[in-house]
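The values are calculated or read from the model by the stated rules, or taken from the named source; none is laboratory data. All values derive from a computational prediction rather than experimental measurement. Note that we place each Cβ from the backbone using ideal geometry, even for glycine, and neighbour counts take in every protein chain shown.
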Amino acid sequence: MKVMRRYHVQDREDYTKYARLVGSVRQMAHRLSLLPAQDPFRHRMEDQLLNKMYDMGVLNLGTKLSDVEAKITVSSFCRRRLAVIVCRSKMAETVSAAVKFIEQGHIRVGPDTITDPAFLVTRHMEDYVTWVDTSKVKRTVMQYNDELDDFDML
């Protein structure tokens, strides 16, 4: 319940999906650790798993397979939700305000407008989280910062 409140997870189904995902990743890491250390299949799959978790933003670079079981939690997946990324990039004050902006269609990731606050943002897509060009919130922020150009807002 604390995780759901902290990261403003609205659907209990999302939480259970994250919990199942964490369980399957931990189970895969445990099964890989049971293989012999010199097995080339183990090294290949271990590298793929760690790279995938790094690209998703769940793990840091240079982690080992033994860290997967301890460091991957439901909170680590919730930290990659679009609403939390918007809040962390100072586009909204709180996660709940970020959820409102996302649901109202003010936020885009790359060229696509996202209206689902449960959208998971990868490490590579984090730089492309911006306001929609026609957003009134963007216009107000730019006007406040004296960066408003009337030509851009047409």
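Overview of results
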item	result
Scan of the range 42-79 for residues that are farther than 25 Å from M4 by Cβ, acidic (D, E) and in contact with a helix residue (DSSP H, G or I) (Cβ under 6 Å, 6 or more places away or on another chain), ordered by number	E46
Answer residue from the range 101-118, given it is under 17 Å from the mean Cα position of the chain (by Cα) and assigned to a loop (DSSP other than H, G, I, E, B) and is surrounded by the most Cβ atoms within 10 Å (Cβ to Cβ) among those	P117
In the range 119-154, residue surrounded by the fewest Cβ atoms within 10 Å (Cβ to Cβ) [restricted to those that are part of a loop (DSSP other than H, G, I, E, B) and at pLDDT 90 or above]	H124
Cβ-Cβ under 9 Å pairs, at least 6 apart or on other chains, the range 96-113 side closer than 14 Å to V84 by Cβ, far side assigned to a loop (DSSP other than H, G, I, E, B) and among the β-branched types (V, I, T)	I102/I114; I102/T115; I107/I114; I107/T115; I107/V132; V109/V121
Contacts under 8 angstrom Cβ, first residue in the range 31-42 being in contact (Cβ under 8 Å) with a residue 12 or more places away in the chain, partner assigned to a helix (DSSP H, G or I), 6 or more apart	L32/R42; L32/M45; L32/E46; L32/L49; L32/L65; S33/L65; S33/S66
Qualifying residue in the range 65-76 (condition: touching a residue at least 40 places away in the same chain (Cβ under 8 Å), aliphatic (A, V, I, L, M), assigned to a loop (DSSP other than H, G, I, E, B) and touching a Lys or Arg at 6+ places or on another chain (Cβ under 8 Å))	yes
Selection count where residues are of a type outside the set (A, V, I, L, M) and under 24 Å from the mean Cα position of the chain (by Cα), scope the range 122-148	11
Number of the condition not met by L61 [criteria: (1) surrounded by fewer than 17 Cβ atoms within 10 Å (Cβ to Cβ); (2) at pLDDT 90 or above; (3) hydrophobic (A, V, I, L, M, F, W, C)]	(2)
Residues of the range 1-27 satisfying the condition of being assigned to a loop (DSSP other than H, G, I, E, B) and of a type outside the set (A, V, I, L, M, F, W, C)	Y7, H8, Q10, D11
Filter result for the condition that a residue is out of contact with any Ser or Thr (no Cβ under 7 Å at 6 or more places or on another chain), free of Cβ contacts under 8 Å to residues at least 60 places away in the same chain and within 30 Å of Y144 (Cα to Cα), over M91, M4, M53	M91
From the options A98, A92, residue that is crowded, with 17+ Cβ neighbours inside 10 Å, in a helix (DSSP H, G or I) and within 18 Å of the chain's Cα centre (by Cα)	A98
